[in-house]
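Here the structure comes first, spelled out in structure tokens, and everything after it is commentary.
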Amino acid sequence: MLLPLLQIAIVSALLLYFDRWRRSMRRRNVQSWDALLGQLRSDWSARELSEQFLWKEGLTATTDDIWQRLDGPRGLWAIYQNARVLLEMADYANRHAAPGSDPIDPMILETLRSDAMQIRLCVLMALAQYALSQATAGVKVNAFRAANLYSGMAARMTALLQDHAAVILPDFVAAM
Amino acid sequence: MTLDSKLTVALSVGETIVLTLLIWRGIWRNLPIFSAYLCWSLVTDLAGLYLQVSNTPNYFVFYAIQTIVDAVIMFAVLVELGWSVLRPVRSSLPRGSLLGLVILVAIAGGVIWPFASLSIPPDLTKQAVAFVHIDQTFIILRVVCFLVMVGFSQLLSIGWRDRELQIATGLGIYSMVSLLVALFSSHLTSVEEIHRYHEAITYSYLCTLAYWVLSFAAKEYQRKEFSPQMQQFLVLMGGGSRTGSIALTDLPSERRGKKD
């Protein structure tokens, strides 16, 4: 009697997971640009990463310092979620670029995706290592890599908003 | 005409409409194996209908062979779907990734094979046991492959385009119903009862075909605003990221280590 109940429970859980995934994918495919910007995590700020965060690329601090400034796994998780938003922005661009206009160089979109995925992988590896062995050198190196890629992307985003959408720049700076 | 024959006619009609839409919308160019799978299903359904009507004694052999070939093509469809989802990041993947994907699926099949025998209904003939064993292995493997694909794409936040999502939804529903039927069948004893439960799989496939007809008949998506500012935003973000990646090879901690 227990086995059939267990089987039904497993299949029901799979069905629920499948339904949830499908809904999230559908929502992702129809969301607006503003909704995407609004998904950037605002409860954690990356401004501690460097003295000129958002205005200059690259990190000059050591891996130990960056780990502290990240606030450990909390900051890593925020970076992980924001990297997803960056990937979705790349998808948005690919889907909605007007047919008559200058198409975006596929290499740029690819690099953007590749960087965002690299950030997610680095964060996942760092979090997995952290769960097993706390903050070792390997964890900090992976965290540094993710933070460095992230700060580079954020700095380029700020420069662009400053040039082309100064009105929304304060909101963006506050969100980051 | 028996219920089975009526269902087969309904499936053939559904498959013909879906195939027509695949060709009309040009979807077959991106997903040729999926289109070939539907062609195969249509041909086997028509052949099966002929054998049912003519009461040929070799129907069971035909059904067994058809199920195995069907499962193999279905895997090719899953690999194609996975490869299509990975399209934006394909160039970043190592060489031989596709082959690796196929080998992983084969290994998963080998692992599932012994477990699938646990849910075979008792009191079946030797021939039927072999057939059910193969069938259930493929059903479980299909669900596992599907879940791995979904989980992996969610982990890395890889997006699915509308058509891929529609095909995945249809296949997902069909696979889940097949799994449920396989689980419930393991507690049945008579062949008639098992057959009645297996009709649920046919109904689920019919629902899947109806869903595909409705989905493929509609346009893929409505284009949204994508201003030049948005475009430049992405160009700037993507353009400079190479420099950042190169700089990573010279981490401050490594530099410090070299000095020490």
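All of the numbers you see were taken from the coordinates with simple rules; none came from a lab. Note that the structure is a prediction, hence the values are computed from the model and not measured. Glycine gets a Cβ as well: all are built from the backbone with ideal geometry, and neighbour counts include every protein chain shown.
The figures follow:
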{"item": "If the convex hull is drawn through the Cα atoms of region B:38-84, its volume per residue in Å³", "result": "46"}
{"item": "Shielding by partners, peptide B:161-168 (average Cβ within 10 angstrom, other chains)", "result": "3"}
{"item": "Spin-label model distance (nm) - A:GLN134 vs B:LEU99, 7 Å beyond Cα toward Cβ", "result": "4.5"}
{"item": "Debye-sum result for region B:70-181 in log10 I(q)/I(0), which assumes one identical scatterer on each alpha carbon, at q = 0.16, 0.18, 0.23 Å⁻¹", "result": "-0.78, -0.94, -1.37"}
{"item": "Cα-based convex hull, region B:3-226, per residue volume (Å³, whole number)", "result": "135"}
